[in-house]
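The values are calculated or read from the model by the stated rules, or taken from the named source; none is laboratory data. Just so we're clear, the structure is a prediction, and the values are computed from it rather than from any experiment. Backbone-built Cβ (ideal geometry, glycine too); neighbour counts: all protein chains shown.
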Amino acid sequence: MTREDREFRSRGAVQLYRRELGDPTRLEEELAVLSTEERARAERLAFEEDRVRYVNSTYFLRSVLGDQVGIEPGRLAMSSGRWGKPYLQDGPAFNLSHSKRWALVGVAPEGNVGVDVEDVRPVADLESLIESTMHVDEARELLALPSDRRAEAFFRLWTRKEAVVKAVGVGLRIPPSEYCVTSRRAGTSHSVVASPPAMDLSRWRVRSVEWSDASAAAVAWDRPDIEVIWG
């Protein structure tokens, strides 16, 4: 991709990239692109399937970012912020999330971006989980649904909430029950309508994105009227 192509694709848009995980066929080749610290982390994983997913997703992130900035993936030097969120000096904002099946990367030309992806699955004692993790308004909405629809709705809302805190960069230091995300249909932007007193999240926007009935995913950013496109 030329520099002009990169500038055109990144101008005013959050770009999303996805990859299916679990492919061991190029594991050694992908592992060689990772940093020393990333390779050490991969080696510490006890289960081979977890190691494959980690290498697949980390290599994928480096490939996306290398293409964005015109640098070989193995030469990218990433730093970490105060709470551990990685960033590129003088590079675009980015975020990575992965489930057992998918990796999702979000890239934004400026500001902050967060993504989250989850495999939709049955959850034991879902009602208690909803009550303990959701804002009271969100819990009321989810518990009003028929029981056979709650798991899917929970994960779609949870990914929106997770994308917001990943974009902010403080993770679960904001208790998920303390902020509320509106829940209109997928493909439209949602607002954070309630947030902790110490942190104004009102300018943030979040959107559910879909490509599989078995997965839920979302992207959040802090710039108004910005387009979301697949890269």
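The test for being in a helix (DSSP H, G or I), closer than 23 Å to residue 228 by Cα and of a type outside the set (D, E, K, R) holds for residue 167.
Scanning segment 123-153 for residues that are part of a loop (DSSP other than H, G, I, E, B), surrounded by 12 or more Cβ atoms within 10 Å (Cβ to Cβ) and over 23 Å from the mean Cα position of the chain (by Cα) yields one hit, 145. Just a yes or no: is a residue in segment 107-115 closer than 15 Å to residue 62 by Cβ and either crowded, with 16+ Cβ neighbours inside 10 Å or of a type in the set (Asp, Glu) (or both)? Yes, segment 107-115 has at least one match.
Report those helices (runs of 4 or more DSSP H) wholly inside segment 1-76 carrying at least 3 residues which are modelled with pLDDT of 95 or more.
Values: elements: 3-10, 27-31, 36-44, 48-69.
In segment 1-76, the matching helices (runs of 4 or more DSSP H) lie at 27-31, 36-44, 48-69.
In segment 145-172, the qualifying residues are those that are among the charged types (D, E, K, R) and touching a residue at least 12 places away in the same chain (Cβ under 8 Å), and the one that is farthest from residue 218 (Cα to Cα) is 150.
For segment 198-214, taking the residues that are farther than 23 Å from residue 175 by Cβ and small (Gly, Ala, Ser), the one that is surrounded by the fewest Cβ atoms within 10 Å (Cβ to Cβ) is identified as 214. Is it true that residue 97 is surrounded by 16 or more Cβ atoms within 10 Å (Cβ to Cβ), in contact with a helix residue (DSSP H, G or I) (Cβ under 9 Å, 6 or more places away or on another chain) and outside any helix (DSSP H, G or I)? In short, yes.
Candidates in segment 188-231 are the residues that are under 12 Å from residue 161 (Cα atoms) and outside any strand (DSSP E or B); of these, the one that is modelled with the lowest pLDDT is 195. Is at least one residue of segment 39-55 over 20 Å from residue 165 (Cα atoms), surrounded by 13 or more Cβ atoms within 10 Å (Cβ to Cβ) and in contact with a Gly (Cβ under 9 Å, 6 or more places away or on another chain)? Within segment 39-55 (the criterion being over 20 Å from residue 165 (Cα atoms), surrounded by 13 or more Cβ atoms within 10 Å (Cβ to Cβ) and in contact with a Gly (Cβ under 9 Å, 6 or more places away or on another chain)), the answer is yes, since at least one residue qualifies.
Across segment 76-88, a minimum of one residue is classified as surrounded by 16 or more Cβ atoms within 10 Å (Cβ to Cβ) and over 29 Å from residue 203 (Cα atoms).
Surrounded by 19 or more Cβ atoms within 10 Å (Cβ to Cβ) and modelled with pLDDT under 90, is that true of residue 185?
Details: surrounded by 19 or more Cβ atoms within 10 Å (Cβ to Cβ): no; modelled with pLDDT under 90: yes.
No, not satisfied.
Is it the case that residue 118 is in contact with a Phe, Trp or Tyr (Cβ under 7 Å, 6 or more places away or on another chain), among the acidic types (Asp, Glu), modelled with pLDDT of 90 or more and over 19 Å from residue 33 (Cβ atoms)? In short, yes.
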